[in-house]
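Below you'll find the structure, written out as structure tokens, and then a few comments.
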Amino acid sequence: MSAATTVPIPTHKPPHARYATAASGDVSPISTNTSRNASPSPHSPACSSQNSRSSSRRESFGSIKEDVDGIAQSFLDTHIDQTPQEPPKRSPVDMQPDFCCPCGGFLGWKQIRLGGKSLSKSYSDLRGLGSMQARGWAWDNTPQAASPPSKALPVEVEEEVVVELKEEEVEQKPAAGTSPLERLPPEVLDYLISMLAIDVPPNGYAPRNVDLIACLLASKTLHAATLGVLYRNMTFPHSIIFSKALQHMSRYPALGTLVRRLDFSHFTSVGLGRTKQMNSEIQNLTSKTLLQCLNLLPNLKECLLQEHVEGDISMEVIQKLFTGLPNLFAVDFCGCSSQSFSGLFLEALITSPGLPATLPNLRRVSLHECSSLPASVFEILLPRLVNLTHLDVTHTQISEDALFSIPESAKITHLSLSRCSRLRGSRVVEFLSTHPAVTGSLVFLNLLTDPTRSRLLEEENVHALLPNLPTTLRSLNLGGAKVTSAHTHALVPLTKHLEELGLSSCELTGQDINSFFVPSRPVTEELTSSHPPEPWVPSTLCYLDLNKANQLTIGTIFNPNACVILTQQSYPLQVIEFSDKLIAPLRERSRTARVSPGWTVRELGRRGWYVRDPASMPEVMLDDGARSWKMGARWWGMRKIPVAVGDVGGLYGHYMFKK
């Protein structure tokens with residue numbers, strides 16, 4: 001690491017200064033916040049950190065990210081260039097830095113001159129020096145009141161008081177390695193330090209993980225504990241950081257053994273001021289350097305790639321992923337759809353001399369939007385995945401033979417067959433109803449299609465599928481299927497365990513949807529006496545996709561007698577997805593209405609949601625949307641299956657919520 005640079009010392013220096021490392025790995029004394037969700041602004045002075053409530057909203061350049069401060073379906077889209085606005089005027093007190101850092105020649109807080117030859121020996125000395133200034137110390141919240149004049153004490157009494165004060169001011173510091181924090185069990189210390197790690201980088205250039213670097217410099221014990229956390233998950237927003245990390249690991253190969261996740265989901269060259277030709281000439285990230293990096297990571301478990309790096313994925317890289325990394329259990333090729341990539345992928349599987357008959361460690365595979373991969377790729381790969389749990393083949397050419405070739409030993413919890421045009425509805429229903437890999441384990445199932453192009457499930461397919469879905473299911477997307485009022489009776493039992501239900505392009509009426517949330521009334525009293533109704537079980541639905549549901553209008557959804565989805569009876573329903581045909585008038589209604597109906601419009605890309613305001617139901621405990629099956633995401637209606645637990649961001653966020 002390079003030597004620390006020098007920055008000027010402000011007028012007031014608080015007794016807490018920390019050093020941090022920039023994303024490139026160079027050490028530089030910069031200011032930080034102790035909060036995990038705060039990061040220095042790239043436009044702020046080097047000696048001060050960002051001081052605003054928005055500091056918890058980390059931006060990732062060119063990414064879609066959930067907004068942790070807003071209500072459900074609130075996002076940060078930092079890919080769009082925003083017109084810079086003039087910063088608001090602030091008072092001098094607000095402009096005080098939160099934290100400062102010493103310059104290279106600073107010798108310590110006890111070496112400050114007190115206006116003469118004497119040196120500072122305690123915090124009280126420094127406070128006394130600060131009180132001589134116009135405003136006192138920058139971190140003092142309350143001004144120091146002037147002490148009333150008092151009579152002079154005898155010399156003996158004054159000396160005794162001074163000695164007692166100095167004894168109280170002496171700090172009893174524990175010996176090195178014996179502080180309470182350092183004596184914690186390694187597992188607890190690792191967990192605590194992991195809370196400081198950042199999955200989503202602030203942006204492509206600003207320093208990140210500065211809190212972890214501060215822990216590295218605190219003590220030997222914290223250094224050892226922090227090192228594993230710092231290198232566990234490596235995220236690369238652009239090629240410069242990748243190149244520096246590769247050089248550092250090449251120099252110290254032991255660091256490569258600590259890496260468990262290689263994450264390119266945030267990778268982009270946008271904003272670097274370079275053309276495609278310039279990027280190819282720089283040679284920071286190439287198929288050669290990527291392979292070199294993988295060779296340094298023997299314990300890699302998760303490799304997250306995407307379309308912005310598909311030109312740097314060679315046949316050797318693919319073979320390394322499938323045969324050279326025995327601990328790899330998750331791989332994602334999201335959006336890699338070029339013909340060159342598909343040819344290399346197929347060639348790597350066919351010509352690989354070491355491709356085993358089974359890949360027992362590979363459990364999570366995402367080929368989301370890899371539309372040009374031939375069907376033979378799936379017929380070669382899927383039979384080898386004996387322990388498969390996550391499979392995303394959205395918009396691919398997967399065949400029915402490949403689907404049924406999945407080993408029976410697999411226990412699939414997350415499956416997406418959305419927009420797979422080569423699959424027939426009857427065969428998909430047969431697979432979901434009979435194959436041991438899915439019959440008792442499914443938690444997330446996405447069968448979304450565009451009926452204007454190709455409809456997967458016809459009315460009879462829906463009738464055959466609904467009774468055979470397992471009770472383990474929490475998210476079901478039947479968007480584009482021929483769902484009519486005749487299916488209402490079969491849908492009601494699903495609403496007792498589903499939390500997400502996608503019914504876009506359905507033909508359900510308001511009364512059909514009411515049956516999800518309101519007990520049905522018996523037709524006659526005789527029928528009630530002979531067949532007592534079963535106890536009513538409330539709905540568990542939190543998200544309902546009614547996009548392009550032609551039976552629903554503005555008048556219907558706002559009429560509680562016709563539809564109860566906007567009333568408190570529908571709780572815990574939080575998010576309803578509508579098409580722009582309804583979102584546009586709802587948006588206008590929210591602007592002009594004097595009284596808020598308790599719902600808010602949220603939009604991103606092509607999608608729009610009507611979101612319940614938690615303030616409308618203060619007596620109910622706030623639900624932040626976090627679920628274990630979402631694997632880090634909190635908001636509702638994701639359309640891409642994640643293969644690693646982490647914050648939503650980068651291009652993955654785009655495919656999950658924007659498309």
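The values are calculated or read from the model by the stated rules, or taken from the named source; none is laboratory data. Note that the structure is a prediction, hence the values are computed from the model and not measured. Because the Cβ atoms are built from the backbone with ideal geometry, glycine has one as well, and the counts that use them run over all protein chains shown.
Observations on the model:
- Test: residue in the range 245-253 that is at pLDDT below 95 and in a loop (DSSP other than H, G, I, E, B): yes
- Check on Leu181, farther than 26 Å from Gly256 by Cβ, at pLDDT below 80 and either aromatic (Phe, Trp, Tyr) or not assigned by TED's automatic domain parsing to the domain that holds Ala633 (or both): no
- Residue in the range 610-620 that is in a strand (DSSP E or B), within 23 Å of the chain's Cα centre (by Cα), within 17 Å of Cys542 (Cβ to Cβ) and among the aromatic types (Phe, Trp, Tyr) present: yes
- Members of the range 233-264 that are without any contact (Cβ under 8 Å) to a residue 60 or more places away in the chain, touching a strand residue (DSSP E or B) at 6+ places or on another chain (Cβ under 7 Å) and basic (Lys, Arg): Arg260
- Taking the criterion of being among the charged types (D, E, K, R) and closer than 23 Å to Thr439 by Cα, the residues of the range 471-522 that qualify are Arg474, Lys482, Lys496, Glu499, Glu500.
One line per residue, one yes/no per condition, for (1) modelled with pLDDT under 90; (2) farther than 23 Å from Glu302 by Cβ; (3) outside the structural domain of Ser416 (by TED's automatic domain parsing):
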{"site": "Pro614", "(1), (2), (3)": "yes, yes, yes"}
{"site": "Val620", "(1), (2), (3)": "yes, yes, yes"}
{"site": "Gly625", "(1), (2), (3)": "no, yes, yes"}
{"site": "Gly632", "(1), (2), (3)": "no, no, yes"}
{"site": "Met638", "(1), (2), (3)": "no, no, yes"}
{"site": "Ile641", "(1), (2), (3)": "no, no, yes"}
{"site": "Ala644", "(1), (2), (3)": "no, no, yes"}
{"site": "Val648", "(1), (2), (3)": "yes, no, yes"}
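- Residues being in a loop (DSSP other than H, G, I, E, B) and either among the aromatic types (Phe, Trp, Tyr) or in contact with a His (Cβ under 7 Å, 6 or more places away or on another chain) (or both) - total across the range 623-637: 2
- Filter result for Leu445 (within 22 Å of Ser366 (Cβ to Cβ) and either among the aliphatic types (A, V, I, L, M) or assigned by TED's automatic domain parsing to the domain that holds Pro383 (or both)): yes
- Of all the listed residues (Ala402, Ala357), the sole one being touching a Lys or Arg at 6+ places or on another chain (Cβ under 7 Å) and either not assigned by TED's automatic domain parsing to the domain that holds Phe444 or not acidic (Asp, Glu) (or both) is Ala357.
- Out of Thr452, Thr439, Thr394, Thr358, sole residue that is free of Cβ contacts under 8 Å to residues at least 24 places away in the same chain and part of a loop (DSSP other than H, G, I, E, B): Thr452
- Looking only at the range 223-264, and only at residues there that are among the basic types (Lys, Arg) and closer than 17 Å to Gly646 by Cβ, the one that is surrounded by the most Cβ atoms within 10 Å (Cβ to Cβ): Arg261
- If the condition is being over 32 Å from the mean Cα position of the chain (by Cα) and assigned to a loop (DSSP other than H, G, I, E, B), then the range 458-476 contributes only Glu458.
- Gln292 being at pLDDT 95 or above and not in a loop (DSSP other than H, G, I, E, B): yes
- Screening Gly479 against (1) closer than 28 Å to Leu328 by Cα; (2) crowded, with 23+ Cβ neighbours inside 10 Å; (3) in contact with an Asp or Glu (Cβ under 9 Å, 6 or more places away or on another chain) leaves a single unmet condition, (1).
- Whichever residue in the range 566-598 is within 21 Å of Met638 (Cβ to Cβ) and surrounded by 20 or more Cβ atoms within 10 Å (Cβ to Cβ) and, among such residues, is farthest from the chain's Cα centre (by Cα): Phe578
- Being closer than 19 Å to Ile641 by Cβ and assigned by TED's automatic domain parsing to the domain that holds Gly335 is a description that does not apply to Ser433.
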